Amino acid sequence: MSNLETYDRIFMEIFEVPAEALPGLKYQDTASWDSVGHMTMIAELEEAFDLMMETDDIIDFSSYEKGREILKKYDVEI
């Protein structure tokens with residue numbers, strides 16, 4: 001599974017959205033992307049990509065696109 005497929009799968013499973021909804025998806029756009037859902041997603045991403053995000057990056061992770069940008073800082077190309 002590619003990094004993009006893994007990233008998308010995590011978003012779709014945790015936030016219960018279809019692939020078509022991912023582009024442009026932002027924090028609190030869907031009821032499941034609340035603070036608990038956010039931390040669940042962060043934990044899944046950290047495990048999947050074997051990394052530990054800094055607190056500022058967790059806070060700044062505000063959209064599907066921003067997440068891709070943040071993961072690049074950790075050498076995860078999506």
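Every read-out reported here was derived from the displayed coordinates using simple, explicitly stated rules and does not represent laboratory data. Note that the structure is a prediction, hence the values are computed from the model and not measured. Glycine gets a Cβ as well: all are built from the backbone with ideal geometry, and neighbour counts include every protein chain shown.
Numerical summary
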{"read-out": "Under 5 Å, built H, 5+ apart or other chain: amide partners of S63", "value": "Y27"}
{"read-out": "The chain, relative contact order in percent, only Cα pairs under 8 angstrom and at least six apart counted", "value": "34"}
{"read-out": "DSSP loop GluC sites (Glu not before Pro) with at most 12 other Cβ within 10 Å excluded, longest remaining stretch of the chain", "value": "1-53"}
{"read-out": "Residue among Y27, G37, S2 farthest towards the positive dipole end of the chain, charges placed on Cβ", "value": "Y27"}
{"read-out": "Shape category assigned to region 1-42 from the gyration tensor of Cα positions, a/c cut at 1.5", "value": "oblate"}
